[in-house]
1. Criterion first (facing chain A (nearest Cβ under 10 Å) and surrounded by fewer than 24 Cβ atoms within 10 Å (Cβ to Cβ)) does B:Ala93 satisfy it?
2. With B:Val232, B:Val196 as the choices, which residue is more than 17 Å from B:Gly296 (Cα to Cα) and either at pLDDT below 90 or in a strand (DSSP E or B) (or both)?
3. Considering only residues of the range A:210-250 that are assigned to a loop (DSSP other than H, G, I, E, B) and under 16 Å from A:Pro97 (Cα atoms), which is nearest to the other protein chains (Cβ to nearest Cβ)?
4. Starting from residues that are part of a loop (DSSP other than H, G, I, E, B) and within 28 Å of A:Val14 (Cβ to Cβ), keep the ones in the range B:158-193 and report whichever is nearest to the other protein chains (Cβ to nearest Cβ).
5. Of A:Leu91, A:Leu70, which residue is under 26 Å from B:His129 (Cα atoms), at pLDDT 95 or above and either basic (Lys, Arg) or buried (at least 21 other Cβ atoms within 10 Å of the Cβ) (or both)?
6. So which residues in the range B:199-229 are acidic (Asp, Glu) and either part of a strand (DSSP E or B) or modelled with pLDDT of 55 or more (or both)?
7. Are any residues in the range A:158-190 small (Gly, Ala, Ser) and surrounded by 21 or more Cβ atoms within 10 Å (Cβ to Cβ), and if so, which ones?
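The values are calculated or read from the model by the stated rules, or taken from the named source; none is laboratory data. Predicted model, so just to flag it, every value in this text is computed and none were measured. Cβ atoms come from the backbone with ideal geometry, glycine included; neighbour counts cover every protein chain shown.
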Amino acid sequence: MANALHIVVCAGVVPDPLQTLEPVTGPNGPGLKSEVVLPATLDPWAASALYEAANLAARNPGSKVWLVSLGPKAKLQQVMMTVAQKVPFELVSIDGPIGGFPDAHSTAVVLAGTIESIQGLDRTKCLLFGGWESATRGAGVTLQLIGERLGIADQFQGVDQIDLRDDGSFEVLERVEGGKHQVSICAGTPAVLGWATGNLAEPRNNPQVGMANMRTIMPALQKAKPATLPANGLHYVSVSLPKQQRTTRIVKDLSPDEIARELVEWIGAE
Amino acid sequence: MTMESVLILTHDALSDENRSDRGAALTKASLEAVTAGMELAARLSAPLTIGIVAADPKAAASTLASTGARLLGVSGDAFAQARYASDAAACEALCRAVSASIVLAPASSRFARVAAGVAHRIGGFIDTHITAIGGTETVEATRWFYRQRVEAVLRRDARPWFLLLDAGTHAAFAGAPGPAQVEQVPVELPKLRTTVTGLQAPAQEAQTGAPGDRSSSLGWETIRPDAKLLFVAGAGWTKKQHDSQVHAVEAGELILGFLRLAGASLGSSKSLVDQGGEGQPVLPFLSHMNQIGQTGSTPRHAKGLSTCCHGEEPHVVGWRFIAERRAINLDPNCGWTRGKADVVYIADAFQVMAKVNALLNAEKA
């Protein structure tokens, strides 16, 4: 139990990546058309963080994983039906708005406050996980802000790997420019890790894990506290879909030799 | 209108031999932020200060001599490493020394790691992935939401306002170097618990989920942010071809050959990268780092050539910032190419790329 970890994973729900999105502006600011009925999924990079957290917890007896999620209760419940079958965790839910347009600073205030109030969480053993960017706002700032609010001064972003050592220190691989990883050694918890893809495949659904998780998920959803997210002086001047539509030339009747010549000429042109 | 003041945060190119911009006093992304900051300060008639985070900021300062800006720097061995605790302390000290209302910084991995934390420490707010700064009476910033699928222009009343600029959105500052005075800003460092031990190429086994040998057996990198051309490989490369056989080895040779000859950077669809974890044929030099699209990167290159990609919206997302786009595809009705690519060649990519490589080889010879 020397390396028992308390891992808190922050993960939002996002529209399924294959859905067509159309922005609309309502009385509360911008949003997505039919946002409430769009199929939702756990944020992809945050999902990587959850799977890595569960894997790390499984290899370090005495560890525990909390999944902290802010979103409309109904959406959270829908997404949890699938996520609960993947890995063991305890859900801590907050009933709040969905989407990429609320201010990240307000989101961080709510999430940090919620984490501070988690019963049994030992913050000296804490690893704060999440996606390094969401698929909604994609700002890559919320985890940092939560970390600052929790007083965590060792933070890593774009993480693909963590290797925990017997002495409690760990090695982290972070994505940096040029398709490389920066390798760092951290003395130990607490730390913030914003995950990229990681190394783990999505776990198969396990009904037994799902049953165990659902015992805590439904009460957590019922207890979810409502949260409002102030705009903090953020104003949207415009929100729109990209208008760029290209005129595509379809070339069907050229031989491979002719295409190759055309491509080489194009590649070499300034 | 409130009088604004502008601070540009920059950092030097770390000395690690693997850095693509090693030896440069400032990173290219930092110099792009300098251009953006100078334009903004001129438009607002605002005082301009440039802060430099470096072990020794003198060389960087001399490259900024012709900006006419006030130059501040932090120095010391602690800043030779890109690490949250020391970099956040350095940026915080620079911000406190200036009390600027607008802080611009490049969205490099180094500053993206710390900028939000610094904004919080000085009571500010931050917006990232900024692609343009405009406005007439006010400052307005453009950025994308939902992974480059929705574009928004926003402004904030609150100050200080941090804006992290995406790379490739501004020209790099290229003024003549000269003697420059850099004011040293003291930094109170916290206890440092993290040590950076270096950089490394992604694991060859990353796509199979087996950590181990972390060295690149190619001896060169397939991801080249400064390349003019992005070559995107789709899952079709490892599917059965017209002879009902898989030709993954040949596909790998053709792709690597092209990257070498054209100096291109390699991107991949998620489906191709994921195949390794699903026991299907793989291109062994690909990792998740090559992935573009929803769960990958959205690189900026002048040109893009897509091969054997299928037609999903995430692929379009990955191509958002590619200026000229061509594709080789067997399917003339592929949905994503129409209206997204400039030219689509309906052809067998194996045959075409073999011919392209032969022509490029002949040119080299």
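1. Details: facing chain A (nearest Cβ under 10 Å): no; surrounded by fewer than 24 Cβ atoms within 10 Å (Cβ to Cβ): yes.
Judged against the criteria, B:Ala93 is not a match.
2. Values: B:Val232 fails: more than 17 Å from B:Gly296 (Cα to Cα).
The unique qualifying residue is B:Val196.
3. This residue is A:Asn232.
4. Among those residues, the one meeting the criterion is B:Ala158.
5. A:Leu70
6. Hits for the range B:199-229 are B:Glu221, B:Asp226.
7. If we filter the range A:158-190 for residues that are small (Gly, Ala, Ser), which is where we start, we get A:158, A:168-169, A:178-179, A:184, A:187-188.
If the condition is that a residue be small (Gly, Ala, Ser) and surrounded by 21 or more Cβ atoms within 10 Å (Cβ to Cβ), then A:Gly158, A:Gly179, A:Ser184 are the ones that fit.
For every residue, the table says whether it meets (1) more than 7 Å from chain A (Cβ to nearest Cβ); (2) more than 16 Å from B:His310 (Cα to Cα); (3) without any contact (Cβ under 8 Å) to a residue 60 or more places away in the chain.
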| position | (1), (2), (3) |
| --- | --- |
| B:Ala327 | yes, no, yes |
| B:Cys334 | yes, no, yes |
| B:Gly339 | no, no, yes |
| B:Ala349 | yes, no, no |
| B:Lys355 | no, yes, yes |
| B:Ala358 | yes, yes, yes |
